[in-house]
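Inspection log for the structure reproduced underneath, given as structure tokens.
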Amino acid sequence: MSNQDAALRYVVLDTETTGLEHALGHRVIEVAGVELLGRRLTGAHFHQYLRPDRDSDPGALEKHGLTTEFLADKPRFEDIADALIEFLRGATLIIHNAAFDVGFLDSELRRCGRPTLDMVCPPPLDTLPLAREMHPGKRNTLDALCERYDVDNSRRTYHGALLDSELLADVYLAMTRGQESLVMDLEPARPTSVSGQAASAAEAAQLAARLRVPQADATELAEHARTLAGIEKASKGACLWLHGYAQAAQAGSTDIP
């Protein structure tokens, strides 16, 4: 993998758990991630069911359908922790409601003496606040976003970490489509959340690094100068671009301000 490709590596991540609060002893029972390179799914993924050594709460079981009996012969988290860390290492994680999944995974990692996610990966990109900014006042669950962006979620009879990661990858790509053409806007107007920073700064800056910026030739510069002179005459000396261009020319620069 080239350094350029590595800089654009994302993993869309999801977990299923026995309940809502890791602080109350609830555990991760399924973890999955799918890899994106340069905004394309590569087919590389991580997926594992886990034995939690406890039952799921009824509400959680209703969502994911992963029974204690089904999970009884699965590995424990500590058995797969190193493989998970290696798959995630260096990637920017894309997660819907990141605090939930990161909290559970960090709890599991600490439990087995492994480094937490902030020691392995850059800060995650949370698609939930991003969706709320883009669609204020609307439902922004994964199902709602799938419907909004025409992502087929007909297989989602239960919540499942691998399927949900795949769906979220499609949703994220749909939500951020067109950013490639806006990568020169590297300083957006005061992003209000982590999602704003990630969508407009992190990804945009990475993509901008790949752009080739053509320079104007002598003919184009001369035509530009003639156009500015016309504006200067029409505005009675108020063409700021012309004055900036003249200053750049005096400084020996061929860049058009």
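The values are calculated or read from the model by the stated rules, or taken from the named source; none is laboratory data. These numbers come from a predicted model, not from an experiment. Don't worry about glycine lacking a Cβ; one is built from the backbone with ideal geometry, like all the others, and counts go over all protein chains shown.
How many of the residues in segment 146-173 are within 15 Å of the chain's Cα centre (by Cα) and of a type in the set (A, V, I, L, M)?
Number of matching residues: 5.
Looking only at segment 6-29, which residues are of a type in the set (V, I, T), in a strand (DSSP E or B) and more than 14 Å from N97 (Cβ to Cβ)?
Matches in segment 6-29: V11, V28, I29.
Considering segment 94-139 alone, what residues qualify as being within 19 Å of the chain's Cα centre (by Cα), farther than 26 Å from E78 by Cα and small (G, A, S)?
Answer for segment 94-139, where residues must be within 19 Å of the chain's Cα centre (by Cα), farther than 26 Å from E78 by Cα and small (G, A, S): just A131.
This table checks each residue for (1) farther than 19 Å from L24 by Cα; (2) touching a Lys or Arg at 6+ places or on another chain (Cβ under 7 Å); (3) surrounded by fewer than 20 Cβ atoms within 10 Å (Cβ to Cβ); (4) assigned by TED's automatic domain parsing to the domain that holds E133.
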residue: G43; (1), (2), (3), (4): yes, no, yes, yes
residue: D53; (1), (2), (3), (4): no, no, yes, yes
residue: L66; (1), (2), (3), (4): yes, no, no, yes
residue: D82; (1), (2), (3), (4): yes, no, yes, yes
residue: G90; (1), (2), (3), (4): yes, yes, yes, yes
residue: F104; (1), (2), (3), (4): no, no, no, yes
residue: S107; (1), (2), (3), (4): no, no, yes, yes
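Just to be sure I understand, how many residues within segment 44-82 are touching a helix residue (DSSP H, G or I) at 6+ places or on another chain (Cβ under 7 Å) and in a helix (DSSP H, G or I)?
2
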